[in-house]
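Where a number appears in this text, it was derived from the coordinates with a stated rule and is not lab data. Treat the numbers as computed from the prediction; the structure is a model and nothing was measured. Please note: Cβ atoms are built from the backbone with ideal geometry, for glycine as well, and neighbour counts cover all protein chains shown.
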């Protein structure tokens, strides 16, 4: 299991310290949640702050866009050369075009599914994706409780993925802890995003290691 701590739960007054600490603790990716206050009812960070995160991080960035006008934000963050940029299928009218654009910028494209969105909605996009991010909470705020019926959706997604594009990774975001990580692994998850679970732990390395199952 790869672990991508979400900096949404970091101490923003000590962001450089926390980003360096999770990288030193052995995370695989640094998950960055970008919210515009329109697609979700929250406003987080822009390219100036994400640029500072990129400078502090020794691990690749995993940028999760929760925005309207995805193309604008892709172009805004592409110069930072993250490993992944993911966008919500619910918001994008031309997802295949945007996937191609992200890949043309040297970034691995990913699509996000809200809790209510069926995996079959991206069946004809899977062959072009490097990752699918499944939301196990409603997007917009950290610290929410895990939505249990998402597990069945992950199993359905895995079956599609294995048939169409076995190299495509499955990522989960929302309410991930050491109490449900084995169940998520068994359902087909490759990467877990953990925000409050990691950053509220007194020892980041112990928290991250407890998710490697």
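A few points about this structure:
- Virtual spin-label span in nm between residue 213 and residue 72, 7 Å along Cα→Cβ: 4.1 nm
- Largest-first principal axis extents, alpha carbons of the chain, Å: 42, 36, 30
- Least to most buried among 35, 183, 66, 1 (fewest other Cβ within 10 Å first): 183, 1, 35, 66
- Footprinting exposure proxy for 117, 71 (fewest neighbouring C-beta atoms within 10 Å first): 71, 117
- Note: relative contact order over the chain, using C-alpha pairs below 8 Å and six or more positions apart, is 22 percent.
- Listing 162, 190, 173 from fewest to most neighbouring C-beta atoms within 10 Å gives 162, 190, 173.
- Per residue of the chain, the DSSP helices (runs of n ≥ 4 H) give a summed -39500 (n - 2.57) that works out to -9000 deg cm²/dmol at 222 nm.
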